[in-house]
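In what follows, a single structure is set out as structure tokens and then discussed.
The values are calculated or read from the model by the stated rules, or taken from the named source; none is laboratory data. Everything numeric here is computed off the predicted structure, so don't read it as measured data. Positions of Cβ are generated from backbone atoms using ideal geometry, with glycine treated the same way; all protein chains shown enter the neighbour counts. These accessible areas exclude ligands, DNA and RNA; they are computed on the full protein's heavy atoms, side chains included. Shrake-Rupley method; radii C 1.70, N 1.55, O 1.52, S 1.80 Å.
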Amino acid sequence: MTWRATVLTLFPEMFPGALGHSLLGKALQRTLWSLDVRDIREHGLGKHRTVDDTPSGGGPGMVMRADVACAAIDAARASNPNVPTIYLSPRGAPLTQARVRQLANGPGAILLCGRFEGLDERVIEARNLEEVSLGDFVLAGGEIAAQALIEAAVRLIPGVLGAEASPDEESFSQGLLEYPQYTRPQSFEGRDIPDVLTGGNHREISKWRQSEAERLTKARRPDLWTLFEKRKH
Ligand code: SAH
């Protein structure tokens, strides 16, 4: 079955956006995955299709209404059943490659993109939403975050990146950051490609790459390094 993303947004024209290009776009055309983008406003109320209202308790901005958001979620679940429903939110669990891999191995996802000040809390409770964050910063809406999540998942679907890709060796796959990459020319502005990489000794190359991955992870991401060391012992 084709991996299926259902996106709930107030700005459907933002899709497929980045997802329509390059290998992911080609894979979309070849139906290796599918994208169903739905306008939350279709569930809006009254003549003006209202989707939001002022925050209870006061304060700036607008909040997406629970009745409208839940109607959109229920309709999405009816056509894409048995997939996790994710609300992109800065309060969510930071997205990891491990969660991306789980999602890619499943049948797809429903992604709710917030706007304004966010979403009535009761939607999250009543529909048991998984909250996922792209990182500790605030976007203006969930659309870019949804595209990032979909891109990370879809590139792991077999056939999407083509035969040459190797998601097994990249950053986070072994809990480490990736080793440095080089290509021709051999010498660039006085900097040479490390000899080991051009020497043809595959065992030595592997050893070098592993030690570089460990060195970089230790220096840049002590949090990942601690986890890696724990798993080793
Ligand atoms: N007032 C909210 C921020 C709302 S930003 C707060 O302080 O938590 C508007 C929308 O952008 C959110 O509803 C969410 O869908 C999206 N968004 C913002 N930052 C995000 C992030 N780091 N990760 C994922 N989605 C994010």
(request) Specify which of the listed residues (ILE110, ILE73, ILE150) is buried (at least 19 other Cβ atoms within 10 Å of the Cβ) and more than 18 Å from the chain's Cα centre (by Cα). (result) ILE73
(request) Would you check which residues across the range 119-146 are near the ligand (Cβ under 6 Å from one of its atoms) and open to solvent by less than 10 Å² (accessible area, probe 1.4 Å) and list them? (result) SER133, GLY142, ALA145
(message) I'm trying to understand the selection: among the residues of the range 18-46, which are buried (at least 17 other Cβ atoms within 10 Å of the Cβ) and over 19 Å from ALA69 (Cα atoms)?
(response) LEU19, LEU24, ALA27, LEU28, LEU32, TRP33, LEU35
(request) Within the range 76-96, work out how many residues are outside any loop (DSSP other than H, G, I, E, B), within 16 Å of the ligand (Cβ to nearest atom) and surrounded by 15 or more Cβ atoms within 10 Å (Cβ to Cβ). (result) 8
(request) Output the qualifying pairs, or none if there are none: Cβ atoms under 7 angstrom, residues six or more apart or on different chains, first residue in the range 185-209 and of a type in the set (Asp, Glu), second residue modelled with pLDDT of 95 or more. (result) ASP192/GLN186; GLU204/VAL196
(message) For the condition assigned to a loop (DSSP other than H, G, I, E, B) and over 30 Å from ASP52 (Cα atoms), what is the one hit in ARG203, ARG209, ARG184, ARG215?
(response) ARG184
(request) Please specify each residue of the range 183-216 satisfying the condition of being farther than 20 Å from GLU170 by Cβ and either open to solvent by 100 Å² or more (accessible area, probe 1.4 Å) or not assigned by TED's automatic domain parsing to the domain that holds SER173 (or both). (result) ARG184, PHE188, GLU189, ARG191, ASP195, ARG203
(message) Could you go through the range 32-44 and let me know if any residue there is in the same structural domain as ASP120 (by TED's automatic domain parsing) and free of Cβ contacts under 8 Å to residues at least 24 places away in the same chain.
(response) no
(request) Find the residue count for the range 54-64, including only residues that are open to solvent by 70 Å² or more (accessible area, probe 1.4 Å) and in contact (Cβ under 8 Å) with a residue 24 or more places away in the chain. (result) 1
(message) One residue is enough: does the range 104-118 have a residue meeting the conditions outside the structural domain of GLU214 (by TED's automatic domain parsing), out of contact with any helix residue (DSSP H, G or I) (no Cβ under 8 Å at 6 or more places or on another chain), at pLDDT 95 or above and under 28 Å from THR226 (Cα atoms)?
(response) yes
(request) Quickly run through the range 101-118 and pick out the residues that are farther than 13 Å from VAL83 by Cα and either away from the ligand (no atom under 14 Å from the Cβ) or of a type in the set (S, T, N, Q) (or both). (result) ARG101
